[in-house]
Amino acid sequence: MKSRVWEMLSWFLGYSELRRLKIFINNEWHKATKGKTFAVINPSTGEEICQVEEGTKADVDKAVEAARNAFKTNSEWRKMEPAARGVLMRQFATLLRRDVDYLAKLETLNNGKPLEDSKGDIAISADCIDYYAGWVDKIAGETLPSAPDTFLYTRHEPIGVCGQIIPWNYPILMMAWKFGPALACGNTIVLKPAEETPLTALYCGSLIKEAGFPPGVVNIVPGDGPECGHSIVVHEGIDKVAFTGSVEVGRKVQEVAGNSNLKRVSLELGGKSPLIVCEDADIDYAAELAHRAIFANAAQSCCAGSRTFVHEKIYDKFISKSVELATKRVVGDPFDTKTQQGPQINNSQFKKIMNYIESGKKQGAKLECGGERVGKNGFFIQPTVFSNVKDDMEIATDEIFGPVMSIFKFHDYDEVLKRANETTFGLAAGVITKDVTRAFKFVNELLAGSVWVNDYDAITNQSPFGGYKQSGHGRELGSYGLREYYEVKTVAIKLV
Amino acid sequence: MKKIIASISEFWKLVDQNNAVDGNDLPTPIADMHGTVVEQKDDIVDLVDSDVISITNDDVVFKLVRQYSKLQNAFSIENLVNLKSACPQALKQPDIDELKDISFMEACKLGFRTVARAASAAALPKVDRTPKIHHQKLFINNEFVDAADGSCFNVINPSTGDVIAEVANASVKDVNKAVKAAKDAFRLGSEWRRMDPCKRGELMNKLADLLERDRAYLAALESYDNGKPFKDAYNIDLPHLIGVLRYFAGWPDKINGKVLANAGDFFAYTRREPVGVVGQIIPWNFPLVLFIWKVAPALACGNTVVIKVDEHTPLTGLYTAKLIQEAGFPPGVVNILAGDGPNCGGSIVKHPDVDKVSFTGSTQVSGKSPNIVFDDADLESAVEWSHFALFFNQGQCCCAGSRTYVQEKIYDDFVQKSVERAKRRAVGDPFDDNTEQGPQIGQEQMDKILRLIDSGKKSGSKLLTGGKRVGDRGFYIEPTVFADVHDHMEIAREEIFGPVMQILKFKTIDEVIERANDSDYGLAASIFTRDLDKGIVVSNGLRAGSVWVNCYDNFDPTTPFGGFKQSGIGRERSEYAIDSYTEVKNVTIKISQRNS
């Protein structure tokens, strides 16, 4: 595996030119003001890929100034016709598709996900940008019924400078989800990619420029959370912040935003999403779906189906099928086409997950398979299945964000609904049943922002995505995603 | 210390000298303007801002920009907008003669923003004045076929009266065949029905790319077949229709139904499904524009189409058939027939398997649109707009501003200036860059217009200019202005569809609203005033589907277009067009228990 990664690495460094490892402000590449850099690690080996300029407060200030200038009244961006914004966005999507091979390799090198998955992420990222490109000239205000001597209407105006802080689990895709609606509505952007995975976002900086966006519309500042991210959240020149990540950090974001200029906040946080398998489910289909629901993307998905509730009548069969699937899952070099699961993102995540596995064993869940590290280099973990999991165990309440499937038994539908909803999270839920009445009972009573019936991760660009409860604020994707990126101005004209 | 530049020649003298002005060095932008490697943006703005020169009126500014764009062979609309703000005295005293050849200037004044951009994008391309005609057959199931009975009809070039093509003449058998193809393409489980919505959008964007690729050829073909100035076809029709197509290409994955707040233990929702096989019949005045207006929303919603192009102007539609095939639409999704109204059109309308018919043409979608000029309006601008409102496209617009109501205080001035403007209108060869007005579409239309002019003369209104045919070849008519027209006269009530302007006098707001609304039509209307209240109050009072204030013919894809009263049913363009091409299906599912 090492030689392949080294081959990739040298190829990457040759191709990318060092400037792309800098900070992207005003369509130019900048060194960090403080002169610091940070190491970007390949999770498959634990080795350093390269150093990237580290954005701190001074760099965020610079990026915000650029974004503010780009947002000034009568700027090129503000005067641009909506359809012309759409043309730029479609051009950006075209460039993502053009460079899919390179970007996918870079994503896999940096994030560790299998190459085919990276390609899929980039394809749907381009689709997402295209989808929002179609919205630019359809974000309509309304005229309102009013007394005859008044003329009332609304304008949907961009909020302004948007700070966007994205995670490492889907680096390009999360960027596309953030860019799409923000640009469609005419905002300008200061994006902080995760410090673990800044490489593809920085490369996209060059595509933004190539697509022809005016300087300052998109700025990309790599850096860590406490310094760089915090500088964005606290910044008085930023009108809105969108964050995707942990509940813990999301809470801080909201607090700090509230204490600064009360900037608008949208949050997409964690989950502990239930997937309920009813007695009438086809067991093979259900086990396949539940397996994908948890293990996709090395289980590093905020909406992972991490609590699998199975009806007692099919419980035993379901477990043996699930163990069979988990045991067969191919873990290893993400550049290998047979690989289904790459490494976890870094050492601290790796350790956290191993601790949860220990905790599961200690608290009396039955370890059906897995539970061990794979290999010596990198952060690989065996697909792990626990059965007999109880609702109060740590592995049942905490977001593990790793390849650990927890299976629960239930015997009554009202009971399982109650248990499924007994969580502080509410991002997603799934139910597998053929019974139409039962399906809609679950659909209506599950407390989650997305409910999938006989499917999981059924996310499309049209479908809003976001959380109930502590899983977040606001929605991404679909027309609902636009609402997070415009202000409504009411205009009343008295006819005198 | 500003040097006042009053004329374009003076400016260019300065540039040529590239020399000191009042002892100061010229700013670098001027020097740069001679070169080819110039930072395009803002150079002229810098110049205006630079305190070295001031420009006395917009004409000079636009001229500058025009020259600049010729130099650069490219031009950005931002320059123009910047210039307008840099030169606020704009448009006070435009010398129309000087501006005659500045198409983007006209476009800007006319509010065609896309057009302005397009017009300014580059000089007009060189095209063949007798473009080769590639497609003269019917297009059914992605194949070009002869008419079932083998018959053809002649297509005439209206600027000469010569036959330029023989096109397959569809009748009932061909309609049946096309409808069958469309019905097959619409079957449950067909490729088209199973296609992801975003993929439909992709195909539509691909078609837009191809239209863009062939823009110059299509504009030439349109001009050849319809007689409109090539300049207009290239700078107005083509960019506009491509914009409309791209606008609708964004819709397929955004046509949402609703989940309803119903009572009882039910789950109720709506789906917006395609209507099915759509029959579409379009006229000859904007052949390809209206082709796209019809086809784009129909495809966005997932329908299949049988469209009849007009027998006067079938050529661009048939060429686009090839592009539809090239873009990769499945067979049968779009079928294009050429033929006459009674036979071909009638068969489409009567066909039991056609689920919806959409028609643009006489009697059903027409207008006699009032254009109201108040005495507080900017007179120069109102004259220019009103001229455009009527004469654009040889007066062959369903929404032409064909009743020009002018308030009494400015009436005489307005009439005088309008007559002067009409006299300056350049009528002639559509392929000449200076031509503003080409021929009418055909003999019949020309005869009808000349008869109505005659009626105007006899009715007692004043013929102040024009009134006659131009030359004896082709179907050209002089730009014609009647003043002192009264509401009851035939020329004030009938749609003339030609270059004949009717000016009427009015006194008060209430009076003009009532007179403006006293028509069987209600397609469009406009108001010229500087008064905010008047603009809103009158626009609320007018019975028309489009009201333009201080502008005319603004055709943005996002805005709906259609008529009140006898001017039609439904709306084209915009989200409202989606309503016309979808059925709403309500689904109600019994559930065990409903909560809020």
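Quick look at the numbers
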| item | result |
| --- | --- |
| Residue, farthest from the chain's Cα centre (by Cα), within segment B:310-356, restricted to residues that are part of a helix (DSSP H, G or I) and small (Gly, Ala, Ser) | B:347 |
| Restricting segment A:443-482 to residues that are in a helix (DSSP H, G or I) and within 24 Å of residue A:252 (Cβ to Cβ), the residue that is nearest to the other protein chains (Cβ to nearest Cβ) | A:481 |
| Candidate set from segment A:406-440 (those that are away from chain B (no Cβ under 14 Å) and free of Cβ contacts under 8 Å to residues at least 40 places away in the same chain); member that is farthest from residue A:360 (Cα to Cα) | A:412 |
| Test: residue B:263 is more than 14 Å from chain A (Cβ to nearest Cβ) and either under 28 Å from residue B:185 (Cβ atoms) or crowded, with 24+ Cβ neighbours inside 10 Å (or both) | no |
| Looking only at segment B:536-579, and only at residues there that are under 16 Å from residue B:517 (Cβ atoms) and part of a helix (DSSP H, G or I), the one that is farthest from the other protein chains (Cβ to nearest Cβ) | B:566 |
| Yes/no for residue A:288 being free of Cβ contacts under 8 Å to residues at least 12 places away in the same chain and not in a loop (DSSP other than H, G, I, E, B) | no |
| Subset of segment B:124-145 (residues that are free of Cβ contacts under 8 Å to residues at least 40 places away in the same chain and of a type in the set (D, E, K, R)) | B:126, B:132 |
| Selection status of residue A:350, among the aromatic types (Phe, Trp, Tyr), outside the structural domain of residue A:43 (by TED's automatic domain parsing) and under 28 Å from the mean Cα position of the chain (by Cα) | yes |
| Residue in segment A:103-115 that is buried (at least 23 other Cβ atoms within 10 Å of the Cβ), more than 14 Å from chain B (Cβ to nearest Cβ) and without any contact (Cβ under 8 Å) to a residue 60 or more places away in the chain present | yes |
| Unmet criterion (only one of (1) within 24 Å of the chain's Cα centre (by Cα); (2) in a loop (DSSP other than H, G, I, E, B)) for residue B:384 | (2) |
| Residues being buried (at least 22 other Cβ atoms within 10 Å of the Cβ) and in contact with a Phe, Trp or Tyr (Cβ under 6 Å, 6 or more places away or on another chain) - total across segment A:312-343 | 1 |
| Only one of B:203, B:188, B:238, B:221 that is more than 15 Å from residue B:315 (Cβ to Cβ), touching a Leu at 6+ places or on another chain (Cβ under 9 Å) and of a type outside the set (D, E, K, R) | B:203 |
| Yes/no for residue B:511 being part of a helix (DSSP H, G or I) and either over 18 Å from the mean Cα position of the chain (by Cα) or within 14 Å of another protein chain (Cβ to nearest Cβ) (or both) | yes |
| Checking residue A:223 against (1) surrounded by 24 or more Cβ atoms within 10 Å (Cβ to Cβ); (2) of a type outside the set (D, E, K, R); (3) within 25 Å of residue A:450 (Cβ to Cβ), the condition it does not meet | (3) |
| Members of segment A:138-170 that are within 23 Å of residue A:68 (Cα to Cα) and not in a loop (DSSP other than H, G, I, E, B) | A:155, A:156, A:157, A:158, A:161, A:162, A:163, A:164, A:165 |
| Counted residues, segment B:164-182 - those being crowded, with 19+ Cβ neighbours inside 10 Å and of a type in the set (Lys, Arg) | 1 |
| Within segment A:127-155, considering residues that are of a type in the set (Phe, Trp, Tyr) and under 26 Å from the mean Cα position of the chain (by Cα), the one farthest from the other protein chains (Cβ to nearest Cβ) | A:132 |
| Selection from segment B:443-458 of residues that are surrounded by fewer than 19 Cβ atoms within 10 Å (Cβ to Cβ) and in contact with a Phe, Trp or Tyr (Cβ under 7 Å, 6 or more places away or on another chain) | B:443 |
| Strands (runs of 3 or more DSSP E) wholly inside segment B:131-217 containing at least 1 residues that are farther than 26 Å from residue B:241 by Cα and modelled with pLDDT of 95 or more | B:143-145, B:152-157, B:162-168 |
| Hey, residue B:533 in the same structural domain as residue B:456 (by TED's automatic domain parsing) and out of contact with any Lys or Arg (no Cβ under 7 Å at 6 or more places or on another chain) or not | yes |
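The values are calculated or read from the model by the stated rules, or taken from the named source; none is laboratory data. Predicted model, so just to flag it, every value in this text is computed and none were measured. With ideal geometry, Cβ positions are generated from the backbone for all residues, glycine too; neighbour counts draw on all protein chains shown.
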